[in-house]
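The values are calculated or read from the model by the stated rules, or taken from the named source; none is laboratory data. The structure presented is a predicted model; accordingly, all values stated were derived computationally and were not measured. Methodologically, a virtual Cβ is constructed for each residue, glycine included, from the backbone with ideal geometry; neighbour enumeration extends over all protein chains shown. Accessible surface is based on the protein model in full, side chains and every heavy atom, while ligands, DNA and RNA are left aside. Shrake-Rupley method; radii C 1.70, N 1.55, O 1.52, S 1.80 Å.
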Amino acid sequence: MSDQPYDVVVVGASVGGAASAVLLARQGLRVLAIDRKRSDADYKKVCTTFIQRSALPVLQKLGLKDRLDAAGAIQNSAEIWTEHGWIKDQIKGDPATAHGYSVRRKVLDPLLIDLMRDEPNITLALGATLTGLIADDRGTYRGIEWRDSDGQPQISTARLVVLADGRNSPGARLADVPTKMRENNRFVYFSYYENMPLKTGKTAQFWQVGRTMGFAYPFDGDLTMLCSFVPEEGFADWGKDRRAALEAFFKDLPNAPDQSGAKVASDMRGMRKLNDYWRPASYRGLALVGDACMSCDPMSGVGCGFALQAADWMAERVGPAIGSDRGLAQALESYAKQHKSQLGGHEYFIRDASRGRAPNLLETLISRAAARDPVVAHRLHLFLGRVLKWHQLLSLGTLARIARANLKPSAKAHGGLSHARG
């Protein structure tokens with residue numbers, strides 16, 4: 001066992017960990033990144049990977065955008081259906097109306113590994129397992145104990161330890177980081193298909209049918225993903241034949257994908273329990289990034305995007321301060337405050353919706369207005385793309401437009417359903 005000193009140790013080399021390692025290494029810092037995956041080709045299996053448009057600046061900063069385009073990733077956008085009709089973003093020319101990406105983790109994760117391997121300041125250890133955290137005499141974490149791919153024990157000290165090891169975060173458990181578990185009352189299943197064109201082309205489709213959500217995403221490799229988030233009490237029916245239940249959900253939807261010539265291209269994937277977690281973004285010298293800090297209901301599609309943004313904020317705030325104990329502590333506190341300010345409101349609304357309840361009055365008014373008023377629709381799309389905060393969506397001007405749109409005579413929703421499910 002040898003002590004290997006670094007400036008930064010990053011636990012986890014997925015989206016948030018890889019971005020953290022690269023952005024810190026480019027500041028001239030020596031970075032060790034460890035991950036349990038055993039090869040460059042390994043990837044996360046259960047992820048719907050709708051990277052929201054709010055993360056596009058970070059993708060560009062990393063140099064990942066061009067690699068995603070070259071790999072065939074879809075520059076995503078979406079149309080949303082509720083009982084009030086279609087909500088489409090038809091306003092062009094707004095700089096905020098950019099795009100995110102839809103890309104399978106089978107493609108994304110190896111790109112992230114390549115990005116790290118291109119940085120000479122990063123030492124990447126795959127097949128590694130975190131076994132302990134090292135604290136100094138003040139209780140500040142200054143390194144890790146871990147086992148390499150051969151099972152050999154290692155010790156690596158560092159000025160900063162970054163935890164980016166997922167929603168169940170072994171590092172957070174070892175450090176006893178305060179954790180709030182939020183109950184999620186929905187389950188999710190999804191699968192990829194070949195030869196299932198969307199009527200919207202390369203634009204994703206979302207449907208809200210009662211308390212159930214359905215998504216059809218175009219993906220790289222000319223694949224389409226069907227995905228449903230269903231209230232917990234519906235699991236008994238879905239458990240009998242999950243694929244049949246998934247495909248049946250989409251058959252009668254407005255502008256539904258054409259399943260007539262579709263071919264299954266993956267196993268059924270998903271999670272029965274989606275309980276979410278919240279932890280502080282900084283704790284006893286640790287920086288927490290991605291799902292290790294805040295894991296939201298995956299229905300919102302924010303996991304990858306929030307991980308990228310958090311890594312960027314952390315690297316910008318903390319990287320330059322790593323040479324000073326006092327400066328580092330202040331930088332970590334500043335990062336934690338920024339994380340809460342930027343994402344706390346989104347997390348609240350996502351957590352509230354994850355109870356699987358029916359839409360409340362405000363959501364009903366917004367949906368009805370967005371189906372009738374293109375400005376409201378545009379602002380709703382920016383909020384769902386996490387470009388706007390909740391108070392920007394619900395500005396006085398937008399609230400006035402929502403009220404006016406709801407006072408208009410009711411119009412029959414185009415392509416409405418004969419009954420509500422879920």
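With contacts taken as Cα pairs under 8 Å and at least 6 residues apart, the chain reaches a relative contact order of 22 percent. For the chain, the residue among Asn406, Gly323, Leu29 whose Cα projects farthest onto the positive side of the dipole built from Cβ charges is Asn406.
Evaluated with a Cβ-only charge set (Lys, Arg +1; Asp, Glu -1), the range 161-292 carries a dipole of roughly 360 debye about its Cα centre, given to the nearest 20. The residues His84, His381, sorted by heavy-atom accessible surface at 1.4 Å with ligands and nucleic acids left out, run His84, His381 from largest to smallest.
Rolling a 1.4 Å probe across all protein chains gives Trp390 an accessible area of roughly 110 Å².
Each label was represented as a point 7 Å from its Cα along the Cα-to-Cβ direction; for Arg38 and Ala400 these points are 6.4 nm apart.
The phi-based Karplus calculation (6.51 cos²θ - 1.76 cosθ + 1.60; θ = phi - 60°) puts the 3J(HN,Hα) values of the range 163-177 at 9, 9, 10, x, 5, 8, 3, x, x, 5, 5, 4, 8, 6, 5 Hz, whole numbers, x for Gly and Pro.
For the chain, what does -39500 (n - 2.57) per DSSP helix run (n ≥ 4), summed and divided by total residues, give at 222 nm, in deg cm²/dmol to the nearest 500? Intermediate values should be presented prior to the final figure.
Numbers: 13 runs with 142 residues, N = 422.
When only DSSP H runs of four or more count, the value is -10000 deg cm²/dmol.
If only the Cβ of Lys and Arg carry +1 and only the Cβ of Asp and Glu carry -1, the dipole of the chain around its Cα centre is close to 1180 debye. The listed residues Leu68, Leu396 rank as Leu396, Leu68 when sorted by accessible area, largest first, using a 1.4 Å probe.
Taking all protein chains as they are arranged and a probe of 1.4 Å, the heavy atoms of Asp42 leave approximately 60 Å² accessible to solvent.
With 31 Å as the limit, write out which pairs from Lys37/Lys251; Lys180/Lys202; Lys106/Lys202 have Cα-Cα distances beyond it, or answer none.
Lys37/Lys251; Lys180/Lys202
Do any trypsin sites (Lys or Arg not before Pro) in the range 113-182 lie in a DSSP loop with no more than 16 other beta carbon atoms within 10 Å, and if so, which? Please report the intermediate quantities before stating the final value.
Working: sites: Arg117, Arg138, Arg142, Arg147, Arg159, Arg167, Arg173, Lys180, Arg182; in loops: Arg138, Arg167.
Here the trypsin sites (Lys or Arg not before Pro) that fit, given the DSSP loop and packing criteria, are Arg138.
The 3J(HN,Hα) values that the Karplus relation (6.51, -1.76, 1.60; θ = phi - 60°) gives for the range 233-247 are, in residue order, 5, x, 5, 4, 6, 5, x, 5, 7, 5, 5, 4, 5, 4, 5 Hz. Gly and Pro appear as x. Taken per residue, the accessible surface of the chain reaches 42 Å², heavy atoms only and a 1.4 Å probe. Taking trypsin sites (Lys or Arg not before Pro) across the range 1-64, the ones in a DSSP loop with at most 11 further Cβ atoms lying within 10 angstrom of their Cβ are Arg38, Lys45. Using the Cβ-Cβ distance between Asn168 and Lys240 with R0 set to 30 Å, the FRET efficiency from 1/(1 + (r/R0)^6) comes to roughly 0.55.
Taking the Cα centre of the range 213-267 as origin, work out the dipole magnitude from +1 charges on Lys and Arg Cβ and -1 charges on Asp and Glu Cβ, in debye rounded to 20. The calculation lands at about 120 debye. For Gly166, the residues whose modelled amide H falls within less than 5 Å of its own, excluding neighbours fewer than 5 places apart on the same chain, are Asp291, Ala292. Using a 1.4 Å probe on the protein chains only, how many percent of the accessible area of the range 1-66 belongs to carbon and sulfur? Heavy-atom surface of the range 1-66 belonging to carbon and sulfur, 1.4 Å probe: 50 percent.
Listed by chain and number, the aspartates and glutamates whose C-alpha is less than 19 Å from the C-alpha of Lys44, apart from same-chain residues fewer than 8 away, are Asp35, Asp109, Asp114, Asp165, Asp220, Asp267, Asp276, Asp291, Asp297.
Taking the protein heavy atoms of the range 263-387 in the context of the full set of protein chains, the accessible area attributed to carbon and sulfur is 52 percent at 1.4 Å.
Computed from Cα atoms, the angle from the helix 374-384 axis to the main principal axis of the chain rounds to 30 degrees.
For the set His346, His391, solvent exposure ranked by accessible area (probe 1.4 Å, protein chains only) runs largest to smallest as His391, His346.
Distance from the alpha carbon centroid of the range 308-329 to that of the range 86-151 works out to 16 angstrom. Computed with every protein chain present, the accessible area of Phe349 is close to 80 Å² [probe 1.4 Å].
Taking every alpha-carbon pair under 8 Å whose residues sit at least 6 apart, the range 282-422 reaches a relative contact order of 19 percent. Using the Cβ of Asn255 as centre and a radius below 14 Å, the other residues enclosed give a net charge of 0, where K and R count +1 and D and E count -1. Helix 105-117 and the longest principal axis of the C-alpha atoms of the chain enclose an angle of approximately 30°.
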